[in-house]
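We did not get these values from a lab; they are worked out from the coordinates using the rules stated. Because the structure is a prediction, the values reported are computed rather than measured. Cβ coordinates were reconstructed from backbone atoms using ideal geometry, including for glycine residues, and neighbour counts include every protein chain displayed.
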2 protein chains.
Amino acid sequence: MSGAVLRGPQQDLRARLRLMVLTHPTPACGRSLPAVIAECIEAGATAIQVRDKTAPAAGLYETTRRLAPLIRAGGALLVVNDRFDVALAAGADGVHLGPDDLPVAAVRASVPADFLIGASTDDPSAGRRLAAAGADYLGVGAVYGTRSKPGLEDEAVGPGRVEAVMKAAGIPALGIGGITPRNVAEVARAGAGIAVLGAVMHAPDPAGAVRALLDAMELRR
Amino acid sequence: MSGAVLRGPQQDLRARLRLMVLTHPTPACGRSLPAVIAECIEAGATAIQVRDKTAPAAGLYETTRRLAPLIRAGGALLVVNDRFDVALAAGADGVHLGPDDLPVAAVRASVPADFLIGASTDDPSAGRRLAAAGADYLGVGAVYGTRSKPGLEDEAVGPGRVEAVMKAAGIPALGIGGITPRNVAEVARAGAGIAVLGAVMHAPDPAGAVRALLDAMELRR
């Protein structure tokens, strides 16, 4: 059930969802994904979401297996995008479900109780339903819109929406989309963590990008 | 472990894998997939594999959920191609894993003990390894090659290979690829069931195609 009071494990989860890095198979800095992820965790990233829309399951599994030990060693959470089969098989902590993925309630009924389920929405009512269906956290965005994708209109929802969704759902939320050191404080003030892909994976210095975001959130550890 | 002796549940499984129909989202006869699958089971199909390489998980899940009651009512097995997450969430009996899918051993460790795992191979040694890793049955092919795909050479392995893989693995096998009423008896004599996609899904009369195959196997019920 949804509720305004965050209970123990959820309180912990909120801290562990301060800054989630979504992976890209080939980071722009030219170093390997495992090297970049290790740097990001060292720099303070608290969660990693393995994501590769083009890889077959075997490839996503191998990537997740390769990253798992260093993510665990760094005390970060590991979730897999879309596929809870890959997440379970690779020993990840959870799955992140988008709108074209399996329904949250069906996943909740199929996985261990402590397996994390994240889900995406930008709507407070939908957020409440997803929490009731068993989601542990929500990804909300695009907070600041997608950058220059031809043919897509700017659909920025703003940090106020992140807060509204989070409050309606009563579970932790991550703002995602167009977040930079310049605007991240607004999202942090809303009480949400952040999820970043391009801001880190496309950066010449991924660890520096993580530190800049955490500094700007005033939550750098 | 592999072994030449088929035990109880596997013996049952062999009978339940006599004729597996792989689904196509839009059967050529023009009727709906659920209508066609219901006809095929009525005609004697013993197993259905839901398969749609292009659908997102939500679509594959919805298709599986829609087909499940009529497949169950007909006493047939229901497996989902590639994704055990979709299979578990939709209450299917099992998953069929191809070479680009999750490793069998990792899946075996992640699913209930009675959840069926099928895997594809055309190699006896690989079949033995897959059985040892936890596969319950094997798909072997293409038995008679793929039909007129430009750029792909004919890779027919023949019914002898199906038998060799099945014997090496000690678990039931399904021959797949180019099987018709004219050649199906050879596969049946090898002791294997069959899996068909185009022969049924592209047929003007899918139930008639199932009956013709079963008649030719001399195993029509």
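Quick look at the numbers
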| quantity | calculated |
| --- | --- |
| Nitroxide proxy distance, nm - points 7 Å out along Cα→Cβ at A:Ala55 and A:Asp100 | 1.9 |
| Whole-number percent relative contact order across region B:97-221, with pairs defined as alpha carbons under 8 Å at least 6 apart | 20 |
| Highest-MSF residue in chain A out of A:Thr54, A:Thr64, A:Thr26 [GNM, Cα springs under 10 Å] | A:Thr54 |
| Value at 222 nm in deg cm²/dmol, rounded to 500, when DSSP H runs of n ≥ 4 in chain B each add -39,500 (n - 2.57) | -12000 deg cm²/dmol |
| Relative contact order, percent, chain B [alpha-carbon distance under 8 Å, six or more residues apart] | 23 |
| Ascending count of other beta-carbon atoms within 10 Å, so fewest first, for A:Met166, A:Met201 | A:Met201, A:Met166 |
| For region B:154-221, convex hull volume per residue from C-alpha positions, Å³ | 87 |
| Longest exposed-site-free window of chain B, the sites being GluC sites (Glu not before Pro) in a DSSP loop that have at most 15 other C-beta atoms within 10 Å | B:1-152 |
| Cα-based Rg and Dmax for chain A, where Dmax is the largest Cα-Cα distance (Å) | 16.0, 45 |
| Whole-number percent relative contact order across region A:63-110, with pairs defined as alpha carbons under 8 Å at least 6 apart | 30 |
| Fraction of antiparallel bridges per DSSP, the protein assembly as shown only, in percent to nearest 5 | 0 |
| Averaged over B:51-59, number of beta-carbon atoms from partner chains that fall within 10 Å | 3 |
